[in-house]
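Asker: My questions will all concern the structure given below.
Just so you know, all these numbers are worked out from the coordinates, no wet-lab data involved. This one's a predicted model, so the numbers in the text were calculated from it and none came from an experiment. Neighbour counts are summed over all protein chains in view; Cβ atoms, including those assigned to glycine, are modelled from backbone coordinates with ideal geometry.
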Amino acid sequence: MSEPHSNRQRARTTTGVLLFTVCCLLSSLRMVYKTGNPLHIQVDDAGELSEKRFAGLRTELPNRGVVGYVGESGNAGTEDYYRAQYALAPLVVDRSKDHPLVVVSVSTLPPKPDTTGLEPVKNFGNGVLLFSNKGAK
Amino acid sequence: MALAWAVISCLASGYLIVAFGWSREPKLPDEKLLRASLSIGLGIGVFSVIYFLVNEYRLSHVLAIDLVVLVLLVAAFFTLRRPGSTPAAFEILASESIALPPWLHRVLSGSFLFALIVALYSAILRSIAHPDGEGWDAFAIWNLHARYLFRGGEHWRDGFSPLIPWSHPDYPLLLPSAVAHFWSLLGRETTAVPGVIGLAFTFSTIGLLFSSLAILRGRNSAMLGGLALASTPFFVEQGSAQYADVPLSFFFLAVIVLLHLNDAYLAENLRVPGLVGLAGMAAGFAIWTKNEGMLFLCACVITQMTGRSRQSTRRVATLLAAVAPFLFLVVWFKHSVAFPNEIFFNRPAMLPKILDPSRYWVIVKWFGKDFLRFGEWWPVPGTVLLVLFYSLIVDKHRPQRGPTLRASVWTLGLTLAGYFAIYVITTYDLYWHLRFSLNRLFLQLWPCVIFLFFLAIPFESGKKVPNQA
């Protein structure tokens, strides 16, 4: 390889490595910015709140089996359902009224869940209620 | 005490398996780092399988079972392992493919260290801020399955009911089972366990990438590769999100790295047969982590089988022999516990989708879009940066790429083609499915892409130069 060519290649390598390094560092700096201030961490406590919310209900339900679930519709309702399922495991929580016992989760926002055909059993507070469905198969 | 035992037995199991498959004593720091990184991932994998079998056969005293497995591994290590007879192989392999002036080497070293610290900082803070993981999959799928394994006793299979929508009961159980194993040793559930496992896989992947590149291409390439991965915001975010994509990326990378190491040794007329066995084991853990692991395994076997030499036949046979127990485990799990995957549920509906050209065009556009914006880099996308870097530093007149590199590239290409095909036939809304999963599929392959990229950069003068380290 001729010397001018070697020098050109070395210059290209240096430029390439510098450019690569700078771009990676900019991305890292943005990661620092997006992560935020460690002294002001906002902990997502939705999981812990959900566990507490359903804690009383868990003691009233059997250890295993399937219970129904009725909650609000939409994305918030879906997350609420999965949080309820996670909190009540190893019970299986079926998003249906067609079970002898049905968990009803009520939020403060309308519309209220449809509890037609269900009879109230107990109110655990925090929008968590247990209903029964005598007509369930 | 229980926590210490759990961590020690997990890591020791992984270490013994790695050491058993790799008889030579590690001499160089990079070699030790490589083994340590592999030990973490394989140890968690072994832990997962142990707990699953304990649960399935309703054995009590998980602690005792762990001890028995550890004793057996130690016994196998000392009785069956051949003493390291290879000469200083890594001293032969270690060399620099990218020679840099000392000042630039120092700048690069400092930058890599900075990026690593930032990644650690970000991952830890995110884990603290989101103890249940980020996004729904953590508590709706992975940790939910862990709970059923831990709380369900002999009724743990209830958690794989089709009554729980979108929980993917067919997903394999490496993560949930490993989490449940740690919970059972601790005697309680804690959100710290899945969080720490996520961090362990994230930084083991970086360690594996760095150390393997250091051995095969020198420290400069290793730092550039490690810098690229540690600076990928999406990789760090997903690593702490308690999803399974980063663990899967670890096992994909382990397979590729081990096969390349094996071939690098063979090129120096040295044999370390256990490396292909370890690669098979890593592939086995990949299929036990997520369904995409099966696709990767098929792609890997196909590309390895295209070589016509006796070596390739022997390699494929060793790979398949190592994967076989995991294949049996996964097939048994899917047959006896899991329900069919939703994507393949409605087979008559597949044909119209396969024949619809508009679906292909949508998927191509999304692949193109995500190629450009993958990783959440700023300001230059990581994929574009790699292309620019290659065009700058690689001279036109270069040696040919080796067969192993070609096979690995084909493996990734076939895996991507498989992902493409899944989107064609998906039962979900196509836009929804692409939007919420494509970037994670790319993430599974990203560490391998970085590894193969730096492997593709040939030695500057066609000869190896001494490692600066």
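Asker: For peptide A:85-96, what's the mean number of Cβ atoms from other chains within 10 Å of each residue's Cβ?
Answerer: Mean number of neighbouring Cβ atoms from other chains: 6.
Asker: Now for a different question. As a test of the definition: which semi-axes, in Å, follow for region B:202-303 when you take the square root of five times each eigenvalue of its alpha carbon gyration tensor? Largest first, please.
Answerer: Numbers: eigenvalues 106, 80, 16 Å².
Over the Cα atoms of region B:202-303, the ellipsoid semi-axes are 23, 20, 9 Å.
Asker: Shielding by partners for B:119-132, please: the mean number of other protein chain Cβ atoms within 10 Å of each residue's Cβ.
Answerer: Mean shielding count: 4.
Asker: Have a look at B:Thr427, B:Tyr57, B:Leu416 and report the one farthest towards the positive end of the charge dipole of chain B, computed about the Cα centre with Cβ charges (Lys/Arg +1, Asp/Glu -1).
Answerer: It is B:Leu416.
Asker: Now a separate question. Evaluate the charge dipole of chain B about its Cα centre and quote only its size in Debye, nearest 20, assuming +1 on the Cβ of each Lys and Arg and -1 on the Cβ of each Asp and Glu. Intermediate results must be reported in sequence, preceding the final value.
Answerer: Details: 36 positive and 26 negative charges, 232 e Å.
In total the dipole reaches around 1120 debye.
Asker: Right, here's the next one. Can you put A:Ile41, B:Ile206, B:Ile197 in order, fewest other beta carbons within 10 Å first?
Answerer: On the way: A:Ile41 13, B:Ile206 26, B:Ile197 23.
Ranked by crowding around the Cβ, least crowded first: A:Ile41, B:Ile197, B:Ile206.
Asker: With a cut-off of 8 Å between alpha carbons and a minimum separation of six or more residues, what is the relative contact order of chain B in percent?
Answerer: 21
Asker: Could you tell me how many cubic angstrom of Cα convex hull volume the protein assembly as shown has per residue?
Answerer: About 175 Å³ per residue, rounded to a whole number.
Asker: Rounded, prolate or oblate: which one fits region B:1-85, using the alpha carbon gyration tensor with axes a ≥ b ≥ c (rounded when a/c is under 1.5, else prolate when a/b beats b/c, else oblate)?
Answerer: prolate
Asker: What is the magnitude of the charge dipole of the protein assembly as shown about its Cα centre, with +1 placed on the Cβ of each Lys and Arg, -1 on the Cβ of each Asp and Glu, and no other charges, expressed in debye to the nearest 20?
Answerer: Details: 52 positive and 39 negative charges, 313 e Å.
Its charge dipole is roughly 1500 debye.
Asker: Which of rounded, prolate, oblate describes region B:149-263, given a ≥ b ≥ c as roots of the alpha-carbon gyration tensor eigenvalues and a/c under 1.5 marking rounded, otherwise prolate only if a/b is larger than b/c?
Answerer: Details: a/c = 2.45, a/b = 2.27, b/c = 1.08.
It is prolate, given that a/c is not under 1.5 and a/b is the larger ratio.
Asker: Could you tell me which of rounded, prolate or oblate describes chain A, using a ≥ b ≥ c as the square roots of the eigenvalues of the alpha-carbon gyration tensor, with rounded for a/c under 1.5 and, failing that, prolate when a/b is larger than b/c and oblate otherwise?
Answerer: Prolate shape, in that a/c is at least 1.5 and a/b is the bigger ratio.
Asker: Can you tell me what percent of all Cα-Cα pairs in chain B are more than 35 Å apart?
Answerer: Taking all Cα-Cα pairs of chain B, the fraction more than 35 Å apart is 29 percent.
Asker: Right, another one. When B:Asp395, B:Asp245, A:Asp94 are ordered from fewest to most other Cβ atoms inside 10 Å of their Cβ, what list results?
Answerer: B:Asp395, A:Asp94, B:Asp245
Asker: For the pairs B:Lys32/B:Lys290; A:Lys52/A:Lys97; A:Lys52/B:Lys334, note any where the Cα-Cα span goes beyond 26 Å. Before the final figure, lay out the partial values.
Answerer: On the way: B:Lys32/B:Lys290 28 Å; A:Lys52/A:Lys97 24 Å; A:Lys52/B:Lys334 34 Å.
Violating the 26 Å limit, Cα to Cα: B:Lys32/B:Lys290; A:Lys52/B:Lys334.
Asker: Of the listed peptides B:380-389, B:258-267, what is their order by residue-averaged count of other C-beta atoms within 10 Å, with the highest listed first?
Answerer: B:258-267, B:380-389
Asker: Can you sort B:Trp366, B:Trp432 by how many other beta carbons sit within 10 Å, fewest first? Don't jump to the answer; show the numbers that get you there.
Answerer: Values: B:Trp366 19, B:Trp432 10.
By the 10 Å Cβ count, ascending: B:Trp432, B:Trp366.
Asker: Taking the mean number of other Cβ atoms within 10 Å as a proxy for protection, how do you rank B:225-235, B:320-330 from highest to lowest?
Answerer: B:225-235, B:320-330
Asker: Mind checking the mean number of beta-carbon atoms from other chains within 10 Å of the Cβ atoms in B:215-225?
Answerer: Average per residue, whole number: 1.
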